1. What nm value, rounded to one decimal, do you get for the distance between N28 and D67 when each label is placed 7 Å out toward the C-beta?
2. Would you mind getting me the FRET efficiency between R221 and D124? Use the beta-carbon distance for r and R0 = 41 Å, nearest 0.05.
3. All other residues with a Cβ under 14 Å from the Cβ of D22 taken together, and with Lys, Arg as +1 and Asp, Glu as -1, what is their net charge?
4. Out of the DSSP beta bridges found with both residues in region 151-246, what percent are antiparallel (nearest 5)?
5. Distance from a point 7 Å along Cα→Cβ of Q240 to each backbone N in region 11-54: keep the residues under 19 Å and list them by number.
6. Taking the DSSP beta bridges in the chain as the whole, what percent of them are antiparallel, to the nearest 5?
7. Excluding T202 itself, what net charge comes from residues whose Cβ is under 11 Å from its Cβ, given Lys and Arg +1 and Asp and Glu -1?
8. In a GNM of the chain with a 10 Å cut-off on Cα contacts, which of G15, G59, G228 has the highest mean-square fluctuation?
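Please treat every number below as a calculation from the coordinates, not as lab data. Fair warning: this is a prediction, and the values are worked out from it, not measured in the lab. Every residue, glycine as well, gets a Cβ built from its backbone with ideal geometry; the counts of neighbours run over all protein chains shown.
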Amino acid sequence: MNPMLKVEGISKTYGAFVAVQDVSFEVNTGELVAIIGPNGAGKSTCFNMLSGQHHPSAGRVWLEGRDITRAKPREIWRMGVGRTFQIAATYHSMTVVENVEMALLSRERRLYHMWKPASAFCRDEALSLLDSIGMAGQAHRPCSELAYGDIKRLELAIALANRPRLLLMDEPAAGMGPRERNELMALTKRLVTERDMAVLFTEHSMDVVFAYADRTVVLARGKLIAEGTPPQVRANPRVQEVYFGS
Ligand code: ADP
Ligand code: MG
């Protein structure tokens, strides 16, 4: 059976600068996989190549056996690859449930001006989605009133509205305190199992990863330097060198 995602020797060069060099790894359904590495390691560049924002200079990307190397972001999204984005400032005046409804309508390809009448049809689904991430109690609050951690959870709900098979999260825990961070990662882990999907996320801190990731890919200066379970990766001398300079 084909893996959910197969990354085969991808590289990205900007002029003479090599941001990502010959990186290969796979992600399977039911897995929470982390890409870690210091700032500038090439994590976001990798993500942009998986979601179609940028195309690799070399190498191939396969989604369940289909070559998506040159596909556009919209096509990749339609094929079931979701991505968390920061909620645009203009949506902060809307309530939590309205934001999820917008995302559900976008999946159904309804036009924005249809939003008002059509929202009645997806309110139940929006509320049930919010319930599954523990935000049902905040459904009718304007987003502008939410705590930072709750905004991050709402961004996750919005990405889930498209029922992705693979969800990409670029530094989801950035800017969070330890408690919020743990809550978000525990929730993400639960969703992977419940929704029969896979999640690939990036993170620069190792601590966040070790408690939750099933597998970890380590990048440094654009190259893959280690891959394995968190304990395997932590014990790797090259990883220790990059992270602790020992
Ligand atoms: P990370 O997400 O791991 O912190 P990035 O993927 O953002 O790292 O960046 C990797 C390297 O590529 C960095 O040195 C960055 O400056 C460089 N880089 C990223 N995007 C561009 C670009 N559009 N043009 C030139 N260099 C870039
Ligand atoms: Mg980054």
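1. 2.6
2. 0.25
3. Once positives and negatives cancel, what remains is +2.
4. Antiparallel bridges: around 55 percent, rounded to the nearest 5.
5. 37-38
6. Antiparallel: roughly 55 percent of the beta bridges in the chain.
7. Cβ neighbours under 11 Å give a net charge of -2.
8. Ranking G15, G59, G228 by mean-square fluctuation puts G15 first.
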